[in-house]
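J.: Dumping the structure here so I can ask a few things about it.
The values are calculated or read from the model by the stated rules, or taken from the named source; none is laboratory data. Everything quoted here is computed from the prediction, not taken from an experiment. Heads up, the Cβs are rebuilt from the backbone with ideal geometry, glycines too, and the neighbour counts pull from every protein chain shown. Remember, those area values only see protein heavy atoms, side chains included, never the ligands or the DNA or RNA. Shrake-Rupley method; radii C 1.70, N 1.55, O 1.52, S 1.80 Å.
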Amino acid sequence: KALAASIGIGVAKHLLIKPLLPESLDLNLPGCWILKPRNGVMSEHVTFIDSKDGWRSALNAATHPRHDGREFMAEEFVPGLNLTVPVIEGFPPQSFDVFVERGESSHNILTEAGKEGHSVDYASEPYYGPGASEASAAAAQMAAAISPFDYARFDFRFDPERKRLVFLEINMNCAMGPGAVVTRSAALREIDHESLVGHVFTHSLRRQMMTP
């Protein structure tokens with residue numbers, strides 16, 4: 001997020017929290033927030049908070065031993081759309097289409113249960129509406145700043161009413177199975193799954209000056 005802000009890409013207000021510290025349990029920020037593990041996967045343990053009781057419940061849950069004392073991030077909730085942009089090095093910038101991801105019905109938040117298919121709270125499709133071009137341009141700018149990385153998904157939230165795009169995160173270990181957003185976006189450019197995976201491997205090996 002610091003990098004995104006440094007190159008002029010919008011980020012939401014945020015702070016890191018260590019739930020095991022006693023002072024963290026008294027946190028109570030005004031407005032609406034999202035609490036999530038700093039290094040989570042598959043949108044695990046993502047919680048919407050809009051009250052003092054909500055803060056107390058979420059922070060208590062974050063102290064559970066399963067989290068092994070890891071840090072959490074509190075991030076200002078931005079209403080609107082979840083936009084994700086696949087970027088695969090070796091292809092020109094903005095080669096792949098933006099996708100919109102649908103989350104749970106209350107706040108359109110992506111959930112672990114939805115992504116794993118345990119609920120109906122997830123769907124994704126190509127997106128060409130408001131915010132798509134801004135997200136694509138921001139992803140290209142971010143990709144140039146962090147290269148090399150081989151492949152990644154750049155995730156954003158877009159508020160259509162305020163025309164506000166904020167950067168959420170980069171997923172450098174995103175799924176590349178046949179149904180994944182990266183694979184489906186490549187298929188729209190007539191790049192099949194086998195060719196896509198082969199490109200990522202060979203491009204990375206050549207970049208690292210190794211022989212495939």
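J.: It is to be established whether one or more residues within the range 167-183 are of a type in the set (Gly, Ala, Ser) and under 15 Å from residue 93 (Cβ atoms).
T.: The answer is no; no qualifying residue exists.
J.: Now a separate question. Given (1) in a helix (DSSP H, G or I); (2) surrounded by 13 or more Cβ atoms within 10 Å (Cβ to Cβ), identify the lone condition not met by residue 174.
T.: (1)
J.: Here is a further query. Of the residues that make up the range 128-143, is at least one without any contact (Cβ under 8 Å) to a residue 40 or more places away in the chain, in contact with a strand residue (DSSP E or B) (Cβ under 8 Å, 6 or more places away or on another chain) and open to solvent by 30 Å² or more (accessible area, probe 1.4 Å)?
T.: yes
J.: Name the single residue that is surrounded by the most Cβ atoms within 10 Å (Cβ to Cβ) among those in the range 147-171 being assigned to a loop (DSSP other than H, G, I, E, B) and not acidic (Asp, Glu).
T.: Checking each candidate, the answer is 149.
J.: Contact list please: Cβ distance under 7 Å, first residue in the range 101-124 and assigned to a helix (DSSP H, G or I), second residue hydroxyl-bearing (Ser, Thr, Tyr), pairs at least six apart or on different chains.
T.: 112/43; 113/119; 114/122; 115/43; 115/122
J.: Please enumerate the residues belonging to the range 177-212 that are part of a helix (DSSP H, G or I) and free of Cβ contacts under 8 Å to residues at least 40 places away in the same chain.
T.: Answer for the range 177-212, where residues must be part of a helix (DSSP H, G or I) and free of Cβ contacts under 8 Å to residues at least 40 places away in the same chain: 183, 187, 193, 194, 195, 197, 198, 201, 202, 205, 206.
J.: Which one of 52, 36 is of a type in the set (Lys, Arg) and buried (at least 17 other Cβ atoms within 10 Å of the Cβ)?
T.: Values: 52 fails: buried (at least 17 other Cβ atoms within 10 Å of the Cβ).
Residue meeting the stated conditions: 36.
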